[in-house]
C-alpha cells in the first residue's frame with residue numbers, strides 16, 4: 001500500500017479483495033500511528049486495541065509460553081511507539097510493519113531460550129503433525145480467517161507444512177529441512193512457493 | 001534464478017540463521033525483484049496472524065500504556081536529502097495531489113528503492129545499526145576536535161544508554177511485579193470516578209500505584225503517595241508527588257512487610273513530610 005502516491009478512491013477502481021472496508025481499516029491504522037508518532041498516547045491505545053489480539057496471538061503461537069509472550073508483546077509495542085515516526089506507508093501496511101517486528105522478536109526469543117525449554121528437535125519431530133493441525137483448530141469462523149484458511153488450503157501439503165513450521169513454529173529453514181527429512185534447497189523453495197501461493201490466493205498487493 | 005533469490009521466503013519467515021540472513025540482506029540491497037517480493041510476502045505473512053488471534057492478558061494494556069510514557073518516540077529518519085525522502089510527513093496529508101511526493105515515490109512499482117527495503121521488513125535492527133554508525137561517526141569527530149568535547153559526547157551517549165536501560169529495567173520490573181505469585185491488585189475509585197489501582201507484592205516488597213486520566217488535582221496542587229506502617233504515622237514514598245492526567249504510575253519499594261495501608265492525598269507542598277488532607281484513595285493491605 002502506497003498511500004502517499006496512491007490515486008484517490010475515485011480515480012482508479014480498486015481491484016481484488018481490497019474492498020473499501022479493508023482500505024479504510026488500513027488508512028485508519030496509518031492515521032493512528034502518525035498521531036502516535038507525535039506523542040498522542042490515546043491514538044496508540046487505540047492502535048493497541050485494534051491490533052493486540054493479532055500481535056499477541058502471533059507471538060504466543062511462536063513462543064507458546066504466556067509469560068514470555070506477554071513480555072515480548074510489551075517490548076514490541078514499546079518499540080512500535082519508539083519507531084512510530086519511522087513507519088513509511090510506501091513500504092507496506094502498518095499491520096505488516098508491526099507483524100514483521102513482532103515475529104522477528106518472537107523468533108529471536110525462541111532461539112535465545114531454546115536451550116532452556118523443550119523446544120529441541122526431538123520434541124519438534126514428535127509434534128510436527130500437531131503443529132500443522134493445531135493452527136486450523138478452534139479458529140473463529142470469521143471472514144478474514146476463512147479467506148486466509150482458504151489461501152492456506154490452496155497450497156500443496158508440503159508447502160503448507162514447510163511454511164507453517166517456519167512461520168508459526170519459529171524454526172530455521174535448516175531445522176525445517178531436518179524435520180521434514182528433505183534437502184535444504186527443496187525446503188527453501190517450498191517456503192517461498194507457499195508464500196507465493198498464499199499471496200496470489202489472497203490477492204495481496206504490495 | 002540464482003540460489004540466493006530462493007531464500008526470500010525464508011527471509012520473510014525469519015527462518016534464516018544469522019549468517020544466511022546477513023548474506024541475503026546484502027543481496028537485497030542490489031536486487032529489486034527480491035525487494036518487491038519481500039514487501040509482498042511481508043503483507044502476506046501479516047495475514048497469517050489472523051489465524052492465531054488470541055486476546056492478550058488484560059493487565060498488559062495498562063503495562064504497555066504506562067511503559068510508553070517513559071519512552072520518547074524517535075524523530076523521523078533523516079536522510080542525506082530530505083527533499084526526496086518519502087517520509088511519514090507525506091502521510092500527514094493523504095489528500096492526493098495536495099502534497100505531491102517527489103517523483104521517486106510515484107513509480108515505486110517500476111523502480112523500487114532497494115537499499116531501503118530492508119528497513120521495511122526489519123526496522124529495528126537496521127535503524128539501530130544506522131544510529132550506532134552515526135553515533136560512532138559523531139564520536140570520532142569529537143575525538144578529533146578536542147578531548148573535552150569527546151568526553152562530553154561520550155557522557156551524552158552513555159546517558160542515553162542509561163535511559164534506555166532504565167526503561168527496559170522498568171518494563172521488566174512491572175512484568176515481575178504483575179507476575180509475582182502473591183501480587184494483589186486493589187482497584188479503587190477516585191472522588192471524580194476515575195479508576196485507579198494499587199498493585200502490591202509483599203514477597204517482592206514492591207508496590208505500584210497506577211492511574212489513567214487522573215483529574216487535575218487543582219492549581220498548584222499535587223498528588224502524593226503514602227505508605228502507612230503499622231502503628232505509626234504515614235511515611236512519604238520517595239518521589240511520591242505526581243500530577244493529574246496519565247497514565248501515571250508511581251513505584252513504592254521497601255517497607256511493605258509491616259505496611260497496613262497505602263494512600264494518596266492531594267497536597268499543596270510536594271515535599272510535605274506528612275499528609276495534610278484526607279486521602280482521595282486508600283487501600284488496606
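The values are calculated or read from the model by the stated rules, or taken from the named source; none is laboratory data. All figures in this text were calculated on a predicted structure; none of them were measured in a lab. Here the Cβ positions follow ideal geometry from the backbone for every residue, glycine too, while neighbour counts run over all protein chains shown.
List of remarks:
- In a residue-by-residue description of segment B:78-94, the property of being surrounded by fewer than 19 Cβ atoms within 10 Å (Cβ to Cβ), at pLDDT below 50 and facing chain A (nearest Cβ under 7 Å) applies to at least one position.
- Annotation: of all residues in segment B:52-68 being facing chain A (nearest Cβ under 7 Å) and in a helix (DSSP H, G or I), the one that is farthest from residue A:80 (Cα to Cα) is B:52.
- Condition check for residue A:163: within 12 Å of another protein chain (Cβ to nearest Cβ), outside any helix (DSSP H, G or I) and either modelled with pLDDT of 90 or more or touching a helix residue (DSSP H, G or I) at 6+ places or on another chain (Cβ under 6 Å) (or both): no
- Condition check for residue B:15: closer than 24 Å to residue A:52 by Cα, facing chain A (nearest Cβ under 7 Å) and not in a helix (DSSP H, G or I): yes
- Just one residue in the set A:106, A:36, A:45 is more than 8 Å from chain B (Cβ to nearest Cβ) and in a helix (DSSP H, G or I); that residue is A:106.
- Contact annotation: residue pairs with Cβ atoms under 7 Å, 6 or more positions apart or on different chains, pairing a residue in segment A:21-39 that is within 14 Å of residue A:96 (Cβ to Cβ) with a partner that is outside any helix (DSSP H, G or I), are A:26/A:1; A:26/A:93; A:30/A:3; A:33/A:87.
- Complete set of residues in segment B:266-284 that are under 31 Å from the mean Cα position of the chain (by Cα) and part of a loop (DSSP other than H, G, I, E, B): B:270, B:271, B:280
- Exclusive hit being at pLDDT 60 or above and over 18 Å from the mean Cα position of the chain (by Cα), set A:100, A:156: A:156
- Unique match (being at pLDDT below 90, at the interface with another protein chain (Cβ under 9 Å from one of its Cβ atoms) and either buried (at least 16 other Cβ atoms within 10 Å of the Cβ) or assigned to a helix (DSSP H, G or I) (or both)) among A:145, A:132: A:145
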